[in-house]
1. If we restrict to alpha carbons, what Rg and Dmax does region 23-155 come to, in Å?
2. Over the chain, with the other protein chains present, what is the accessible area per residue in square angstrom, probe 1.4 angstrom?
3. Set the Förster radius R0 to 22 Å, insert the Cβ-Cβ distance between ASP210 and ASN6 as r into 1/(1 + (r/R0)^6), and round the FRET efficiency to 0.05.
4. For region 282-377, give the magnitude of the charge dipole about the Cα centre (Cβ charges: +1 Lys/Arg, -1 Asp/Glu; no others), in debye to the nearest 20.
5. With the Cα gyration tensor of region 79-149 in hand, convert its eigenvalues to equivalent ellipsoid semi-axes via √(5λ) and list them largest first in whole Å.
6. So if the hydrodynamic radius of region 225-379 is defined as the Kirkwood radius over C-alpha pairs, what does Stokes-Einstein give as its diffusion coefficient at 20 °C and 1.002 mPa s, in µm² per second?
7. Starting from the Cα of ALA340, move 7 Å in the Cα-to-Cβ direction to define the label point; list residues of region 302-320 whose amide nitrogen is under 20 Å from there.
8. Between PHE89, PHE294, PHE167, find the one with the highest GNM mean-square fluctuation for the chain; connect C-alpha pairs within less than 10 Å.
Amino acid sequence: MNNISNAIRYVGVNDHQVDLFEGQYPVPNGMSYNSYVILDEKVAVLDTVDIHFTEEWLANLAAVLDGRKPDYLVVHHMEPDHSASIAAFLAAYPETTVVATAKALAMMGDFFEGLDLTGRSLPAANGGTLELGAHTLNFVFAPMVHWPEVMFSYESSEKVLFSADAFGKFGALDAPETDWVPEARRYYIGIVGKYGVQVQAVLKKAAGLDIAMICPLHGPVLRGDLSLYLEKYTAWATYQPEEEGVLIAYTSVYGHTRAAAELLAKTLAEKNCKNVVLCDLARTPVSAAVGDAFRYSKLVLATTTYNAGIFPYMREFIDHLTERCFQNRTVGLIENGAWAPMAAKVMREKLAAAKDLTWLETTATIRGGLNEASRAQIAAMAEELAR
Ligand code: FEO
């Protein structure tokens, strides 16, 4: 992995210590913080790494530099998983010029008290270039992908897009290889899902570039046929389902709501519905459940009435969906309530912010356990979902 090409080298690190990335996303296969070096007449280092890996990264860097001094540190993104080692880098290589958007340069002062960049910073312009010799970095601003100061760089001689957080995935690079899509989806929807409009804007800019390779700040370098990655990003950024399917997301206290969810799944299976997925929200990381909600075209929510509202895991799940602009899906509701069922009303109100939802005509109401009436409602829901 050290050599991306003859001139472009990988100097990133793998993190197997982190339990929750960004304080909330479980990463059972760890995380990579990618950093690259371009060796040309001028030497550019692209991004740094998380604070826990500064020494390892500086050692990787020194090995690749082999005695040369970096001319530029290009900072694409100021979130600390990539920027935390800037001060240590500048202490080791004080003559380096820092290249970043004006917003990122301002943030550097906020993150590193007393850091003096006088005479050694170069604000990047949107559409501007940095000549390294045979290699040229072309800057493409990518605001809100995933912070406002972000930019991408396109290296035109080797056709490499350095895409900051975009096209990244969860998982360290020395972990057993997994399919790109599931962990890239969970990463994208969780972290950047709210900013689909901005991602669409930058994808439009990228469409005008001839890209042979994508070098993100997390996860593997992407090369060869890039169409799958672009297709997935287009679906996610435009809030289109990836495929036909039904996610049945439920919470259950004594098993009765789960029984209703399972009955719906079984009925859908009997109708040969594809991709019917049951998800117990109390026992599934919310980021995985949110990923599946964005993946499939239909969503059924089943929960109990609880403290005159809804069960906490369902409340959190719906908040995660609406914060990420969940939209453009078919949605059905199953509520449980022994004496005053109101979960369906609360769920519908909570989803009022979501655009372009098509609601099932049938809502199922369970008063304690399933009975003839609620079974008939589940059957009617299945009928609608299978249409
Ligand atoms: Fe990987 Fe937004 O930082």
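The values are calculated or read from the model by the stated rules, or taken from the named source; none is laboratory data. Note that this is a predicted model, so its numbers are computed, not measured. Every residue, glycine as well, gets a Cβ built from its backbone with ideal geometry; the counts of neighbours run over all protein chains shown. Side chains are part of the model used for accessible areas, which takes the heavy atoms of the whole protein and leaves out ligands, DNA and RNA. Shrake-Rupley method; radii C 1.70, N 1.55, O 1.52, S 1.80 Å.
1. According to the Cα coordinates of region 23-155, Rg and Dmax are 14.3, 43 Å.
2. 42 Å²
3. On the way: r = 20 Å, r/R0 = 0.89.
So, using R0 = 22 Å, E works out to roughly 0.65.
4. Numbers: 12 positive and 9 negative charges, 17 e Å.
The dipole of region 282-377 has a size of about 80 debye.
5. Working: eigenvalues 80, 58, 23 Å².
Ellipsoid semi-axes (Å, largest first): 20, 17, 11.
6. Values: Rh = 15.7 Å.
It comes out at roughly 136 µm²/s.
7. 303-312, 315
8. PHE89
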